[in-house]
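First the structure, in the form of structure tokens, and then the observations on it.
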Amino acid sequence: MERLKHVIPTIEQCIELRERCKYEWVEIEGINGVKFTGPSGNSIFIPASGVGDEKYLQGTNLYAYIWTCNNKSSYPSEAYFLECSKSSNYIGYASRHFGLSIRPVMYDTKMLSESFIDNEEDIADVDIELNRLSYVDLDLPSGTLWATCNLGAKSPEDEGYYFSWGETSPKSEFYNYDYKLYDNPNMTLLKYNK
């Protein structure tokens, strides 16, 4: 297994970001979003890109969302995300067909303890444009490095692509019936259903 790995963050990595970094709601280049500043003094900006539902983007410039790689085990048709707004930030969950941004992380597999990531199935690799991303060391205990931009973004203020959870191709419309990991006639999940 390679030591450095690009991944979608786990719930634990998002909690670490929330608990170990200074949280500020800021405006950069006319775009609202959240700035997380780590113990190192380095920071990342996550734009308030909202959420894609059917043909519409909702909550743009009000809410910053990023998917985690964890689905909800008690109800696997939903997955967890980090939501940030002017007044709060928390880990929530939503239907997997919604369109949210992905903020990749990179970690050194030797730095993470076994308890931090249960197994490789908890890590969803993203297979798109990863080599052009740059990462910031926030000096977090896990050693996790956070990408400076969302996947598909040209700058930190750019929202980048929107993805349904578990899919590797960006989309602009987010319907339950066209979610690639859902068998609509049989109303069953095809993958990550545990």
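The values are calculated or read from the model by the stated rules, or taken from the named source; none is laboratory data. Predicted model only: the values in this text are computed from it and were never measured. Positions of Cβ are backbone-derived with ideal geometry, glycine not excepted, and every protein chain shown enters the neighbour counts. When the accessible area is computed, the model is the full protein with side chains, heavy atoms only, and any ligands, DNA or RNA have been set aside. Shrake-Rupley method; radii C 1.70, N 1.55, O 1.52, S 1.80 Å.
Observations on the model:
- Candidate set: the range 137-162, residues that are open to solvent by 20 Å² or more (accessible area, probe 1.4 Å) and outside any loop (DSSP other than H, G, I, E, B); chosen: the one nearest to residue 42 (Cα to Cα): 137
- Qualifying residue in the range 102-110 (condition: of a type outside the set (Val, Ile, Thr) and more than 25 Å from residue 167 (Cα to Cα)): yes
- In the range 40-55, of all residues being in contact with a Phe, Trp or Tyr (Cβ under 9 Å, 6 or more places away or on another chain) and exposed (fewer than 14 other Cβ atoms within 10 Å of the Cβ), the one that is nearest to residue 9 (Cα to Cα) corresponds to 54.
- Neighbours by Cβ (under 9 Å, 6+ apart or cross-chain): first from the range 86-113, under 27 Å from residue 179 (Cβ atoms) and at pLDDT below 95; second acidic (Asp, Glu) and open to solvent by 50 Å² or more (accessible area, probe 1.4 Å): 97/178
- Residue within the range 4-13 that is out of contact with any Lys or Arg (no Cβ under 8 Å at 6 or more places or on another chain), over 23 Å from residue 99 (Cα atoms) and surrounded by 20 or more Cβ atoms within 10 Å (Cβ to Cβ) present: no
- Residues that are part of a strand (DSSP E or B) and modelled with pLDDT under 95 within the range 1-22 comprise 4, 5, 6, 7, listed in sequence order.
- Taking the criterion of being assigned to a strand (DSSP E or B) and open to solvent by 40 Å² or more (accessible area, probe 1.4 Å), the residues of the range 23-39 that qualify are 23, 24, 25, 27, 28, 31, 35.
- Checking each residue in the range 85-108 for being assigned to a strand (DSSP E or B) and under 18 Å from residue 49 (Cα atoms) picks out 89, 90, 91, 92, 93, 94, 95, 99, 100, 101.
- Residue 74 vs. criteria open to solvent by 30 Å² or more (accessible area, probe 1.4 Å) and part of a loop (DSSP other than H, G, I, E, B): yes
- Residue check: residue 82 meets all listed conditions (1) open to solvent by 40 Å² or more (accessible area, probe 1.4 Å); (2) in a strand (DSSP E or B) but one, namely (1).
- Filtering the range 56-70 to residues that are farther than 16 Å from residue 103 by Cβ and open to solvent by less than 30 Å² (accessible area, probe 1.4 Å) leaves only 59.
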